[in-house]
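Working notes, beginning with the structure itself.
The values are calculated or read from the model by the stated rules, or taken from the named source; none is laboratory data. Note that the coordinates shown come from a computational prediction; the quantities given were computed from them, not determined experimentally. Glycine gets a Cβ as well: all are built from the backbone with ideal geometry, and neighbour counts include every protein chain shown.
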Amino acid sequence: MKNMDLETLKIFEVVAAELSITRAASRLGRAPSNVTTRIQQLEAELGAELFIRIGKRITLSTAGQRFLTYAQRMLALADEARHAVGGSGGGTLRIGSIESTAASRLPAPLAIYSKANPETRIEVSTGPSAQLLDQVRNGQLDCAFAALPAMLQDESGLAEMGLQGIPLWNEALLLLLPTSDAEATKPAQIGTRSLAAFKPGCTYRAVAEAWLGIEAGSEWNIQELGSYHAMIAAVAAGSCVTLLPRSVLDLSGVPTDLATLALGSTRTHLVWRSGYEMPAFQQFVQLFQQEKI
């Protein structure tokens, strides 16, 4: 393991993010030749090509994609150990969140936490719940705000994944309908046979698909969009329906002629790896437990 030290892993992580030796070297404050040498030494030690080089362009190889997950986990664990043993705050807190929670729930508590813990750097990324849970499990994220599927709503379901969490917000879910379907009260009455949703892994998408009876071979089409603003615009244009939390709808200035159907509710949880005790994170959890945000 001569060359696989933490600094080399960090260099690899930055090159994988930038997909450019020049940009990675600039970001790391190193000479490009030094970055190239460290990557070549790491590849020699692993006995695998981590990057595919085509002229001046590079992309991650299949082996590189696999190794990136392990590199991120090792770097995260080293950071966790450093701060846990030191007993101090600081460091970086990597938070994942579903889009709706990031938009409607997180701005206020993150501002409170940042003001109380200025030495801690906060990184926020968004994605579907299933993806976020995987990223927490493999160490790419320290914690995540996710809408859990029914099978993970209790502690035993999370524990089997090596995770634990606390329930936070109960989100009322609404199916937003175009004006042409304003009178519909059940799936069969909806003439617009297209659902706007995030990519697979989104719990809200799964709720909508189950209620609408969308399955392989059905007449329904799914438009995968990247934001609720785009989904609402698509509904306003009459091309689809979409499912979203009331908290997001209240922020969005939706046209008054668009009708909604209540489809129950789901709970948003804050989830983290079992036994994760980085001080900066413990202070983050306490904010939600004590303030009951």
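When you scan the range 193-259 for helices (runs of 4 or more DSSP H) that lie fully inside it, which ones turn up with 3 or more residues that are under 20 Å from residue 169 (Cβ atoms)?
Because the criterion is at least 3 residues that are under 20 Å from residue 169 (Cβ atoms), the helices (runs of 4 or more DSSP H) in the range 193-259 that meet it are 203-212, 246-251.
Keeping to the range 215-229, report how many residues are within 24 Å of residue 256 (Cα to Cα) and surrounded by 13 or more Cβ atoms within 10 Å (Cβ to Cβ).
The total comes to 4.
Let me confirm something: among 65, 41, which residue is farther than 10 Å from residue 12 by Cα and in contact (Cβ under 8 Å) with a residue 24 or more places away in the chain?
Being farther than 10 Å from residue 12 by Cα and in contact (Cβ under 8 Å) with a residue 24 or more places away in the chain holds for just one of 65, 41, which is 41.
So, of the residues in the range 157-209 that are more than 22 Å from the chain's Cα centre (by Cα) and among the β-branched types (Val, Ile, Thr), which turns out to be surrounded by the fewest Cβ atoms within 10 Å (Cβ to Cβ)?
Result: 185.
So, in the range 64-97, of the ones that are in contact with a strand residue (DSSP E or B) (Cβ under 6 Å, 6 or more places away or on another chain) and among the hydrophobic types (A, V, I, L, M, F, W, C), which residue ends up modelled with the lowest pLDDT?
Only one residue fits best here, namely 93.
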